[in-house]
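Enquirer: Quick one: the structure is below, questions incoming.
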Amino acid sequence: MIITEVRDRKTRKEFLDVARVLYKNDPVWVCPLDVDVEKVFDPAQNNFHQHGTITRWIAKNERGELIGRIAAFINYKKALNYEQPTGGVGFFECINDQTVANQLFDTARNWLIQKEMKAMDGPINFGENDTFWGLLVDGFTHPSYGMNYNHPYYKNLFETYGFESLYEQITNHLSVHKPFPERFTKIAEWVAKKPGYRFEHLKVKEIDRFASDFMEIYNDAWKDFENFVPINKETIIESFQKMKAIMDENLIWFSYVNDEPASFIIILPDANQIIKPLKGKLGILEKLKFAYYRWRGVTRMRAVVMGTKQAYQKHGLESAMFIKLKEYVLPLNQYEELELSWVGDFNNKMLAIHEATGATFGKRHLTMRKIF
């Protein structure tokens, strides 16, 4: 077996092709767009490079066949916040062979040790946790855009190497045509009519204002979670720009209390229904296909992230935004399912909101750690 660091055009292509090789017979898998994967490794398109470093490798067998890949990285804004300096690994793919997996993990581990790290989390992303994050261990059904999908045997590869679970990320599914529970609806309708409470969907022409509101809400909502690092406006604008190709501004809602930004929910059409036939490519022909499938519409949505300022977390704002969303979605007669993803098992308040809507279990991912 030969493990090679990705340094040129040929090895970049092979890094992308590993997944195509390993999932070629899996009818559920959706190949991520090559451009989306490459953006993570491009300093011009991923501002995490301003405070971190990343590299990646591919593995081939003695016949020159692709059998695995892995990336290793350090986000210095987070790495030193833990009990031990902790880097990350991600974009892991591997045949069902523990020896191959161990050598890939060792390669990443040795690189991190050279940079004075003493542990590694994985599989995670060199970026925000809304994409390419977590090991799928339950619910091997259609993946939504940005959500990790992997073979079931990956769990054993990670655990045998010595990774241990830090927390679970829960994804729930909500049927669009199933009525909300009566109590949920009553609360939502009452909140929506309260004086001083205002709800509005995102407007692309005012993206800068909404990015500022998002940052204010997000950084307040998550400030007390362990090892939280505030998000900056540049990252938010970068994320919004990535969303534009599939964004429906009527699916993204903000709430205000006496004009103060208080809560938000970011929902996107599930682009995986659009990009699955593209097989990761986005040339001229694929762009035409993308435009056609986008015009034809999709049947699934994904709630990428929700957040409410701590002062307003018991005001029922989330319920009211769900009602506003349903008022828009139902007359379209297009969507069938909303995926509520992914919520850490430590976030009881958000999981309670999922339960209140009547959502049912969909998937479980793990964020894991290996201490050297």
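Enquirer: Viscosity 1.306 mPa s, temperature 10 °C: Stokes-Einstein D of the chain from its Kirkwood Cα radius, in µm² per second?
Expert: Details: Rh = 21.6 Å.
Taking Rh from Cα pairs, D becomes 74 µm²/s.
Enquirer: Do me a favour and compute the ellipsoid semi-axes for the range 177-335 from its Cα gyration tensor, root of five times each eigenvalue, largest one first, whole Å.
Expert: Working: eigenvalues 169, 88, 35 Å².
The three semi-axes for the range 177-335 are 29, 21, 13 Å.
Enquirer: Just how far, in whole angstrom, is the range 167-185 from the range 1-41 if you go by their alpha carbon centroids?
Expert: Cα centres, the range 1-41 to the range 167-185: 34 Å.
Enquirer: Quick one: what Rg and Dmax do you get for the range 2-169 from the alpha carbons, in Å?
Expert: So, for the range 2-169, Rg and Dmax equal 15.0, 43 Å respectively.
Enquirer: Can you give the FRET efficiency to the nearest 0.05 for Thr4 and Lys314, using r as the Cβ-Cβ distance and R₀ = 41 Å? Provide the component values of the computation, followed by the final result.
Expert: On the way: r = 54 Å, r/R0 = 1.31.
The pair Thr4/Lys314 has a calculated efficiency of 0.15.
Enquirer: Now, a different point. With no solvent and one equal point scatterer placed on each C-alpha of the range 305-372, evaluate the Debye formula and give log10 I(q)/I(0) for q = 0.16, 0.23, 0.28 Å⁻¹, two decimals.
Expert: Rounded to two decimals, the profile gives -0.69, -1.17, -1.42.
Enquirer: Two decimals is fine: what is log10 I(q)/I(0) at q = 0.22, 0.26 Å⁻¹ for the range 147-231, from a Debye sum with one equal scatterer on every Cα and no solvent?
Expert: For the range 147-231, the Cα-only Debye profile gives -1.17, -1.19.
Enquirer: Between Asn227 and Thr99, what is the FRET efficiency for a Förster distance of 30 Å, r being their Cβ-Cβ separation, to the nearest 0.05?
Expert: Details: r = 33 Å, r/R0 = 1.11.
In this case the efficiency is close to 0.35.
Enquirer: Which whole-number percent gives the relative contact order of the range 2-169, counting Cα pairs below 8 Å spaced six or more residues apart?
Expert: About 19 percent, as a whole number.
Enquirer: Can you sort Asp213, Asp259, Asp17 from fewest to most other Cβ atoms within 10 Å of each residue's own Cβ?
Expert: Lowest to highest Cβ neighbour count: Asp259, Asp17, Asp213.
Enquirer: Quick one: grab the alpha carbon gyration tensor of the range 259-372, order the square roots of its eigenvalues as a ≥ b ≥ c, and give me rounded if a/c is under 1.5, else prolate or oblate depending on whether a/b is larger than b/c. Present the calculation step by step, with values, prior to reporting the outcome.
Expert: Working: a/c = 2.21, a/b = 1.35, b/c = 1.63.
Since a/c reaches 1.5 but b/c is at least a/b, the shape of the range 259-372 is classed as oblate.
Enquirer: Computed FRET efficiency, Cβ-Cβ of Glu38 and Asn81, R0 30 Å: what is it to the nearest 0.05?
Expert: Values: r = 28 Å, r/R0 = 0.94.
For Glu38 and Asn81, the calculated efficiency is 0.60.
Enquirer: Take each of the peptides 57-66, 146-155, average the number of other beta-carbon atoms within 10 Å over its residues, and list them starting from the highest. Could the numbers behind the result be given before it?
Expert: Details: 57-66: 14.9, 146-155: 19.6.
Taking the mean over residues of other Cβ atoms within 10 Å, the ranking is 146-155, 57-66.
Enquirer: Still on this structure, please answer the following. Could you put Thr360, Thr131 in order, starting from the residue whose Cβ has the fewest other Cβ atoms within 10 Å?
Expert: Numbers: Thr360 12, Thr131 19.
Arranged by neighbour count, lowest to highest, Thr360, Thr131 become Thr360, Thr131.
Computed from the coordinates by the stated procedures, all read-outs in this text should not be read as laboratory data. Bear in mind the structure is a predicted one, so any value in this text is a computation, not a measurement. Glycine gets a Cβ as well: all are built from the backbone with ideal geometry, and neighbour counts include every protein chain shown.
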